[in-house]
1. So, in region 135-155, how many residues would count as being part of a loop (DSSP other than H, G, I, E, B) and farther than 18 Å from ALA309 by Cα?
2. What number of residues within region 18-73 are among the hydrophobic types (A, V, I, L, M, F, W, C), assigned to a helix (DSSP H, G or I) and within 30 Å of GLU88 (Cβ to Cβ)?
3. Which residue out of VAL217, VAL280, VAL221, VAL229 is surrounded by 15 or more Cβ atoms within 10 Å (Cβ to Cβ), modelled with pLDDT under 95 and under 30 Å from GLY12 (Cβ atoms)?
4. Checking the condition open to solvent by less than 30 Å² (accessible area, probe 1.4 Å), over 19 Å from GLN41 (Cα atoms) and either in contact (Cβ under 8 Å) with a residue 40 or more places away in the chain or among the hydrophobic types (A, V, I, L, M, F, W, C) (or both), which residue from VAL140, VAL146, VAL84 passes?
5. Mind listing just one residue for me: the one in region 167-191 that is in a strand (DSSP E or B) and open to solvent by less than 20 Å² (accessible area, probe 1.4 Å) and, of those, farthest from GLU342 (Cα to Cα)?
6. Hey, could you check region 1-48 for residues that are under 16 Å from the mean Cα position of the chain (by Cα) and charged (D, E, K, R) and say which is surrounded by the fewest Cβ atoms within 10 Å (Cβ to Cβ)?
7. How about region 10-59: which of its residues are over 23 Å from THR281 (Cβ atoms), polar (S, T, N, Q) and touching a residue at least 40 places away in the same chain (Cβ under 8 Å)?
Amino acid sequence: MTRIAIVGGGLGGLTLARVLHTRGIASAVYELDASPTARDQGGTLDLHEESGQRALAEAGLTRQFRAIAREEGEALRILDRHGVVRFEETADAAGGTRPEVDRGALKRILVESLPDGVVRWGTKVTAVEAGRLTLATGEVVEADLVVGADGAWSKVRPLLSAAVPVYSGLSFVEAHLSEVDTRHPDAAALVGPGSMFALAEGLGLIAQRNGGGRIRVYAAVKNDDPAAVTELADRERLLDVFAEFDSGLRTLVEDSDDPLIPRPIHALPAGHRWERVPGVTLLGDAAHVMSPFAGEGANLAMLDATELALALAAHADVESALSAYESALFPRSEEAARDSAENLEACFRPDAPAAMVDQMLAHSGKDTR
């Protein structure tokens, strides 16, 4: 029996364990978090038919996904800094192919689909070698395959590649609003049931409706120094940066509930790949972390996991499976990474939000120029 050790219990690692389980292949997931709800799991995401939804179908979880998906979350609004709506699309008009789902809810159905004991919560991996993990307890885990599903700052990646994520030139400052329908009705109306982008040169306020009456806001700032974003976690200082934005837009920051969270955006080089190393591979952000401006991060992680699981099920030996998996992984992730980098630059051009509006008009078929 092949011993498979998955480092990281995020969406990618859990999807890999689940799809392997449905094919009768055992694995163990080692996750530092003490439980699936030990920290905030992040905002909402749209699951694409060809990637995230396909992964859930292979995992046998489509019914569970449909129960937690928010079809209305496909709605989109694009505004300029004056609060003028430049593009708007309802969920019905969007086609209903990419429903939104809260990350926490998606993680829950994946965890619940696994047998007890598959995920070892609260387990710190202190060292990784090909074929071996060392845990903080001193326990040594032997494995025929080690999979790095441990995110942007992966401990597994150095076994395969010297590449490290670099700062993208853009930082987010994250803010939260709760009970928006009763406490912040104007913000609820401004954002709508899905996502809202208010863009200008080098700046943006990006908001998304989450389940449970919450809105998550990302104040985006182009800045060459990633350390500078920590200063913007001061609400008054951040509002000064957005002084020329419409007052209604600024309330998304002014009225937010929690302390602001600085998030510099990092990415691996587009086209990141490695030579085949026996018994080790990567998936998700560990393999190809990119900015969120292609909407592919979680979708690709889940697709990577599914493709890896299916390759392991289809091949008699691990190395053949890894070769097949990586040969498809590299071009797929390179294309998404390039799209992400290009979209980031386009969104914050001097004529923003023109580029995003043009892209959405072309996608929706409404561009009549």
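The values are calculated or read from the model by the stated rules, or taken from the named source; none is laboratory data. Being a predicted model, the structure only gives us computed values, none of them experimental. When we count neighbours, we look across all protein chains shown, and the Cβ atoms used for this are built from the backbone with ideal geometry, even at glycine. SASA here: full protein model, heavy atoms, side chains in, ligands and nucleic acids out. Shrake-Rupley method; radii C 1.70, N 1.55, O 1.52, S 1.80 Å.
1. Keep residues of region 135-155 that are part of a loop (DSSP other than H, G, I, E, B), which gives 136-139, 143-144, 149-155.
Still in the running and farther than 18 Å from ALA309 by Cα: 136-139, 151-155.
Adding up the residues that qualify gives 9.
2. Looking only at that region, the number is 4.
3. Numbers: VAL217 fails: modelled with pLDDT under 95; VAL280 fails: modelled with pLDDT under 95; VAL221 fails: modelled with pLDDT under 95.
Being surrounded by 15 or more Cβ atoms within 10 Å (Cβ to Cβ), modelled with pLDDT under 95 and under 30 Å from GLY12 (Cβ atoms) holds for just one of VAL217, VAL280, VAL221, VAL229, which is VAL229.
4. Details: VAL140 fails: open to solvent by less than 30 Å² (accessible area, probe 1.4 Å); VAL84 fails: open to solvent by less than 30 Å² (accessible area, probe 1.4 Å).
So the residue among VAL140, VAL146, VAL84 that is open to solvent by less than 30 Å² (accessible area, probe 1.4 Å), over 19 Å from GLN41 (Cα atoms) and either in contact (Cβ under 8 Å) with a residue 40 or more places away in the chain or among the hydrophobic types (A, V, I, L, M, F, W, C) (or both) is VAL146.
5. In the first step, residues of region 167-191 are kept if they are in a strand (DSSP E or B); the result is 167-177.
If we keep only those that are open to solvent by less than 20 Å² (accessible area, probe 1.4 Å) as well, we get 169-175, 177.
Numbers: GLY169: 13, LEU170: 13, SER171: 16, PHE172: 17, VAL173: 21, GLU174: 23, ALA175: 25, LEU177: 30 Å.
Within region 167-191, the match that is farthest from GLU342 (Cα to Cα) is LEU177.
6. Result: ARG39.
7. SER35, THR37, GLN41, THR44
This table checks each residue for (1) of a type in the set (Phe, Trp, Tyr); (2) surrounded by 18 or more Cβ atoms within 10 Å (Cβ to Cβ); (3) under 27 Å from ARG86 (Cβ atoms).
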position: SER320; (1), (2), (3): no, no, no
position: ALA324; (1), (2), (3): no, no, no
position: PHE330; (1), (2), (3): yes, no, no
position: GLU335; (1), (2), (3): no, no, no
position: ASP339; (1), (2), (3): no, no, yes
position: GLU342; (1), (2), (3): no, no, yes
position: GLU345; (1), (2), (3): no, no, yes
position: MET360; (1), (2), (3): no, yes, yes
position: HIS363; (1), (2), (3): no, no, yes
